[in-house]
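Colleague: I'd like to ask some things about the structure below.
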Amino acid sequence: AALKGELRFQVSVALKEGRVTPTELCQRCLSLIKSTKFLNAYITVAEETALKQAEESEKRYRRGQPLGVLDGIPVAVKDNFNTAGIETTCASNMLKGYISPYNATVVQKLLDQGAVLLGKTNLDEFAMGSGSTDGIFGPVRNPWSYSRQYKEKSHSEDKEPNWVITGGSSGGSAAAVSSFTCFAALGSDTGGSTRNPAAHCGVVGLKPTYGLISRHGLIPLVNSMDVPGILARCVDDASVVLGSLAGHDPKDSTTIQDNFKPFELPNLTDVSQLSIGIPKEYHAPGLSSEILALWSKAADLFKNAGAKVIEVSLPHTRYSIVCYHVLCTAEVASNMARFDGLEYGHRSDMKKSTESMYAATRREGFNDVVRGRILSGNYFLLKQNYENYFIKAQKVRRLIANDFVKVFGSGVDILLTPTTLSDAVPYVEFIKEDNRTRSAQDDILTQAANMAGLPAINVPTGLSERGLPVGLQFIGRSFHEKQLLTVAKWFEKQVKFPMIQLEVKRHDHSACHNQKSASFS
């Protein structure tokens, strides 16, 4: 029961009262990781270290001195955050075997709060993708593929289900939370990489305001948009983790200077003072009729509860994907230059010259997706193209951000939009289109929030006709996380999203033979 409870009001209380110990909790999660190995959610499992951390937590509870709500709570971290003494691969041959000498700030903050780190989760290579299918360790399987709800709708009782993707690029973290192998997980969010898999896996996915949480130790994709994301089973849990991570970090100059005060979410009973904006541009091409109906139903829910619901316009949204492609690839080209085979990571055996070694290293270390983005980015950054592409894209980005400023300035408190165009698609269908096409389609509803640096959260809302999760997105004003999460919590209570009925049986394990064990030094 503790495995499925809320952190602040159930699990933490159970630990304090001694009804369950941190070691028991940790062992149960490790056992579940083994029995759900076929999901391929984890790249590395730090079993030995996790048990040691749980043991230390147990001693603190015995003394009556827990470090906080997260003390003894099993968590997982996406494998693009540096972890001291444990491999950080970014699901790439370029960093296979790389062990960082330091912890990312967010990882260190979790450990300082007594959290138990179970391992590192799977992703698209260097977080470039929207399916968690393009890493060297194989694709992540959506736990809902093996749920009673999906099986009943797809009539696949006696055969291997036509399993669906998790979304990406933080699919491993979303699958880990969804399958009860941890209570919360860190993802990263550059264009929707936390909210997208959260929607497909039926969990809460929070992208905080840019600068609220430190990026130090997060291996960068797009520095001006990257944000550490939080995946949890409910809005309250996401709030608890946010309270532990937010605040100034001297190692990241883009973080806020003010001290952040953790907050406990109130139980909102009256929404009559709220103004909810429905952006008409988010009725995008390809939006499924199911999600459109759910979006309308959610708007009616607020309206019937007394909130003011108005249609708003974000006119430059339609340019955001093209703009994002230019800015993203340009920053990727710059960031990937550090992987040259000279200081760390993969190094080719080519010894003809430094230049040939450098070229061979990058050819062997990066997949086609990463190499393609590097080529595109360098093209946009060429002297003759810089003004026409990069500078123009920066100007369009400002227009996109200003659209949000105008809407929030008009009195709108929160924007309500879909998170994804449809429910999760089967893996065999997903891989029929290339990574760039898929990313352009899947990021269309999420990445404008990254362009503007705004906080956004996916809340699981219902099940599709196929028995798969569908989520809706709430976008708030900069640094107004408390208001955003309070409204999201109210909505979560109204919709009463069903818990996954996961059926763990023997499945094909070929997808996950690369999962490793590791421990901190």
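The values are calculated or read from the model by the stated rules, or taken from the named source; none is laboratory data. Note that the coordinates shown come from a computational prediction; the quantities given were computed from them, not determined experimentally. Cβ sites come from the backbone with ideal geometry, for glycine too, and all protein chains shown count toward neighbours. Just the protein is used for accessible areas: all its heavy atoms, side chains included, with ligands, DNA and RNA removed. Shrake-Rupley method; radii C 1.70, N 1.55, O 1.52, S 1.80 Å.
Colleague: Report the net charge of residues surrounding residue 338, where surrounding means a beta-carbon distance below 14 angstrom and charges are Lys +1, Arg +1, Asp -1, Glu -1. Before the final figure, lay out each step's value.
Modeller: Numbers: positive: 347, 362; negative: 331, 340, 343.
Local charge sum for residue 338: -1.
Colleague: Quick one: if you stick a label point 7 Å off each Cα along the C-beta vector at residue 263 and residue 308, how many nm between them?
Modeller: 2.0 nm
Colleague: Classify the stretch 436-507 from the C-alpha gyration tensor, please: rounded if a/c falls under 1.5, else prolate or oblate depending on whether a/b exceeds b/c.
Modeller: oblate
Colleague: Please give the net charge around residue 267, taking every other residue with its beta carbon less than 14 angstrom from that of residue 267, where Lys and Arg add +1 and Asp and Glu add -1.
Modeller: For residues surrounding residue 267, the net value is -1.
Colleague: Averaging sequence separations of C-alpha pairs under 8 Å and six or more residues apart, then dividing by the length of the chain, give the relative contact order as a whole percent.
Modeller: Once normalised by length, the contact order is 20 percent.
Colleague: Ranked highest first by the average count of other Cβ atoms within 10 Å around their residues, in what order do 283-293, 81-91 fall?
Modeller: Packing proxy ranking, top to bottom: 81-91, 283-293.
Colleague: Right, here's the next one. In terms of solvent-accessible area of protein heavy atoms at a 1.4 angstrom probe, what is the ranking of 195, 148, 347, highest value first?
Modeller: 347, 148, 195
Colleague: Here is a follow-up. How would you order 184-191, 473-480, 352-359 from highest to lowest mean count of nearby Cβ atoms within 10 Å?
Modeller: 184-191, 473-480, 352-359
Colleague: Let me ask something else about it. Just the C-alpha atoms of the chain: what Rg/Rh do they give, with Rh taken as the Kirkwood radius?
Modeller: That ratio is 0.95, to two decimals.
Colleague: Follow-up question, since we're still on this one. Ordering 362, 63 by accessible area with a probe of 1.4 Å, largest first, what comes out? Before the final figure, lay out the partial values.
Modeller: On the way: 362 35, 63 145 Å².
Solvent-accessible surface, decreasing: 63, 362.
Colleague: Defining a contact as two alpha carbons under 8 Å apart and six or more residues distant in sequence, what relative contact order in percent does the stretch 255-399 show?
Modeller: So the answer I get is 24 percent.
Colleague: While we're on this one: With a Förster radius of 45 Å, plug the Cβ-Cβ distance of residue 253 and residue 359 into 1/(1 + (r/R0)^6) and report the FRET value to the nearest 0.05.
Modeller: Efficiency, from the Cβ-Cβ distance: 0.85.
Colleague: Using only DSSP helix segments of four residues or longer, with each worth -39500 (n - 2.57), what per-residue ellipticity at 222 nm results for the chain after dividing by its residue count and rounding to 500? Please report the intermediate quantities before stating the final value.
Modeller: Numbers: 17 runs with 184 residues, N = 521.
Helix-only estimate at 222 nm: -10500 deg cm²/dmol.
Colleague: Over the stretch 89-201, what relative contact order in percent results from Cα pairs under 8 Å that are six or more residues apart? Intermediate results must be reported in sequence, preceding the final value.
Modeller: On the way: 170 pairs, mean separation 28.3, N = 113.
Averaging sequence separation for qualifying contacts and normalising by length gives 25 percent for the stretch 89-201.
Colleague: Would you mind working out the magnitude of the charge dipole of the stretch 426-496 relative to its Cα centre, with +1 at each Lys and Arg C-beta and -1 at each Asp and Glu C-beta, to the nearest 20 Debye?
Modeller: Roughly 340 debye, rounded to the nearest 20.
Colleague: Work out the length of the dipole vector of the chain about its Cα centre, built from +1 on the beta-carbon of each Lys and Arg and -1 on the beta-carbon of each Asp and Glu, and round it to the nearest 20 debye.
Modeller: 220 debye
Colleague: Please give the peptides 321-329, 8-16 ranked by average Cβ packing (other Cβ atoms within 10 Å per residue), highest first, as a rough proxy for protection. Working shown, then result.
Modeller: Numbers: 321-329: 21.9, 8-16: 17.4.
Descending mean neighbour count gives 321-329, 8-16.
Colleague: Only loop residues by DSSP count here, and only those with at most 14 other Cβ atoms within 10 Å; note down the GluC sites (Glu not before Pro) in the stretch 454-505 that meet that.
Modeller: Here the GluC sites (Glu not before Pro) that fit, given the DSSP loop and packing criteria, are 465, 503.
Colleague: Another question, then. So what are the stretch 282-413's ellipsoid semi-axes, whole angstrom, largest first, if each one is the square root of 5 times an eigenvalue of the alpha-carbon gyration tensor?
Modeller: 44, 19, 12
Colleague: Pairs 37/78; 34/109; 34/96: which exceed 19 Å Cα-Cα? Walk me through the numbers before you get to the answer.
Modeller: Values: 37/78 16 Å; 34/109 27 Å; 34/96 22 Å.
Too far apart for the 19 Å limit: 34/109; 34/96.
Colleague: Could you grab the Rg to Rh ratio for the stretch 128-283? Cα atoms only, Kirkwood for Rh.
Modeller: Working: Rg = 17.7 Å, Rh = 17.3 Å.
Rounded to two decimals, Rg over Rh is 1.03.
Colleague: If you keep only loop residues by DSSP, which chymotrypsin sites (Phe, Trp or Tyr not before Pro) in the stretch 380-456 have at most 14 other Cβ atoms within 10 Å of their Cβ?
Modeller: Values: sites: 380, 386, 389, 390, 404, 408, 427, 430; in loops: 386.
Taking the stretch 380-456 and a limit of 14 other Cβ atoms within 10 Å, the loop chymotrypsin sites (Phe, Trp or Tyr not before Pro) found are 386.
Colleague: Amide H of residue 348: which non-local residues (sequence gap of 5 or more, or other chain) have their own amide H closer than 5 Å, using H built in the peptide plane?
Modeller: 361
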